[in-house]
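The values are calculated or read from the model by the stated rules, or taken from the named source; none is laboratory data. Since this is a predicted model, take the numbers as computed values, not measurements. Here Cβ is always computed from backbone atoms with ideal geometry, including for glycine, and neighbour counts include all displayed protein chains. When the accessible area is computed, the model is the full protein with side chains, heavy atoms only, and any ligands, DNA or RNA have been set aside. Shrake-Rupley method; radii C 1.70, N 1.55, O 1.52, S 1.80 Å.
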Amino acid sequence: MTDAPVIGVLALQGDVREHLIALAAADAVARPVRRPEELAEIDGLVIPGGESTTISKLAVLFGVLEPLRERVRGGLPVYGTCAGLILLADKILDPRSGQETIGGIDMIVRRNAFGRQNESFEAAVDIKGVDGDPVEGVFIRAPWVESVGARTEVLAEHEGHIVAVRQGNALATSFHPELTGDHRVHSLFVDMVRANRAPESL
């Protein structure tokens, strides 16, 4: 598909392969991104689940954190899952020492809010903007969003806690849709990337 957007997956740590597969299934050209120069070649970026502190430290080590902040501030469409949601938050309630965020979404998040690894679970989540049946969300040491600013739209909640948000070109979920074989959330993000590209093609 010649007009397929090129979407990177930040490939420092976490479930990179699963996101690459989901993006390809959603009709995007998917590629891993590790270095600043690779950021210039993409139309959008996914920040995968993993360990948010480790990802932020590796981003500094690879010299990609500050260029990524600049691109997100400049309007690069970005989607974060689980640890990626934490990294897109403007504020973390309980950050670890040395933990930094990319920012981009006016929200406050709580790390590991749904419990530790052995308390992981799956749940059906109704997401605004995703048609059809609820999405099966896989929650693994998942954060939740404590509060959002006026510019941030809440897309989904689970048991009274915010688990999916959008602000402009930034999308984030507490859960892992890439682990289920249901690519509708990735399709939503691909549509966001296409819409962001549209003015350039006119």
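Summary of values
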| read-out | value |
| --- | --- |
| Any hit, region 41-52, residues being part of a helix (DSSP H, G or I) and modelled with pLDDT of 95 or more | no |
| Test: residue in region 175-191 that is in contact with a strand residue (DSSP E or B) (Cβ under 7 Å, 6 or more places away or on another chain), open to solvent by less than 30 Å² (accessible area, probe 1.4 Å) and not in a helix (DSSP H, G or I) | yes |
| Residues of region 12-28 classified as open to solvent by 60 Å² or more (accessible area, probe 1.4 Å) and either aliphatic (A, V, I, L, M) or free of Cβ contacts under 8 Å to residues at least 40 places away in the same chain (or both), total | 2 |
| Criterion (outside any loop (DSSP other than H, G, I, E, B) and out of contact with any His (no Cβ under 6 Å at 6 or more places or on another chain)) met by exactly one of V138, V130, V145 | V145 |
| L23, sole failed condition from (1) under 15 Å from the mean Cα position of the chain (by Cα); (2) at pLDDT below 95; (3) not polar (S, T, N, Q) | (2) |
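Results for (1) buried (at least 21 other Cβ atoms within 10 Å of the Cβ); (2) touching a Leu at 6+ places or on another chain (Cβ under 8 Å), shown as yes or no for each residue.
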| residue | (1), (2) |
| --- | --- |
| G44 | yes, yes |
| E51 | no, no |
| K57 | no, no |
| P67 | no, yes |
| G75 | no, no |
| I105 | yes, yes |
| A123 | no, no |
| E136 | no, no |
